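Worksheet: one structure, shown below.
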Amino acid sequence: MSHSHLAIRHLVRQLETSGPRKISKPQLPAWLVQFVEQFSERFEPFSGIARVGYQCLRSDDAWELSLFLGEHEIIGGPGDGERHSVNFRFDLFQLTRHFETVQNVSWNAFPNSSVCFEEIADLSFLTIEGIVQGERLRVQIHAGPSEPTGPAMRQYGDGRLEVV
């Protein structure tokens, strides 16, 4: 029996996206989509290729955007179903060029993670707050995706990569 969880994930995804339970996501403004595309170019994986993921919502006073590199999921072989994060660097120098004004830049670090959070995405992240296109925007750059986020790419034993 295969240890792959792909069939189960596929069924769950079908349930989430089909029938009367379909959740409609609010349309993001064009300026925010463009911002995500430009900002995503600042991620530089140390090896191979990676896919940038994001989560975005509107709070009472600002748009809130979280960016991260998605994980690779191994398909087949002894590591079937394992997920691997992608090591990267991020160009902080060019960061402020994407904002009209920057109001705050802060780094949140939790080296004593057992006290605060268990998920990798919550251990260390950079927060930038400012104005873009006249709108208040709060951006967080995470080391990895939050736990419920699926893989960004599937990596097969023959070296093939598939975008999910």
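Once the C-beta distance of E41 and R154 is scaled by a Förster radius of 35 Å, the resulting FRET efficiency is 0.90 to the nearest 0.05. Model label sites at Q55 and V163, defined 7 Å from Cα along the beta-carbon direction, differ in position by 2.2 nm. Note down the net charge around R97, summing +1 for each Lys or Arg and -1 for each Asp or Glu among other residues with Cβ under 11 Å from its Cβ. Around R97, the surrounding residues sum to -1. Paramagnetic label reach from W31 (point 7 Å along Cα→Cβ; backbone nitrogen cut-off under 16 Å): within segment 62-86, residues 62-65. Of the peptides 31-41, 125-135, 98-108, the ranking by mean beta-carbon count within 10 Å, highest at the top, reads 125-135, 31-41, 98-108.
Read-outs throughout are calculated quantities, based only on the coordinates presented, and are distinct from any laboratory measurement. What you are looking at is a predicted structure, and each value in this text was computed from that prediction instead of being measured. Every residue, glycine among them, receives a Cβ derived from its backbone with ideal geometry; neighbour counts consider all protein chains shown.
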